[in-house]
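The values are calculated or read from the model by the stated rules, or taken from the named source; none is laboratory data. Because the structure is a prediction, the values reported are computed rather than measured. Heads up, the Cβs are rebuilt from the backbone with ideal geometry, glycines too, and the neighbour counts pull from every protein chain shown.
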Amino acid sequence: MTGRHSSGTPGSGEPRFDDSDIAATVGNPIPHLDGNAVAGMMGELFRIDIIAAIGRCRHCGAEHAFGEAVVYTDAPGIVVRCSSCQGVLLRLVETPTQYWLDVSGLSHLQIDREP
């Protein structure tokens, strides 16, 4: 089974995962995607294409297209981080009846209107 815990090296005290490509371990950070990975869900939520939107990171002030952000999807929700400083820009959790959205890491998001 992918990502299942099993016993580590005897005496190591560290858990071992059956799929090291998915599991975060020492020397193997959690894999991430770019901002395109969240486009579908954000499009459903806002009814716009957010990939080309320009956001300013509240942590470092960098401005980038949303599609350049670093996206982690292996949590209970989605975490979007700044590609410059790794500060959290956005968190999105979807439940069967609600979306929970935290955009406190963005000082602004510039979205162009379609002609």
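For region 61-115, which fully contained strands (runs of 3 or more DSSP E) count at least 2 residues that are touching a Pro at 6+ places or on another chain (Cβ under 6 Å) and surrounded by 12 or more Cβ atoms within 10 Å (Cβ to Cβ)?
none
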Candidates 63, 94, filtered to the one that is without any contact (Cβ under 8 Å) to a residue 12 or more places away in the chain, in the same structural domain as residue 42 (by TED's automatic domain parsing) and within 20 Å of residue 48 (Cα to Cα) = 63
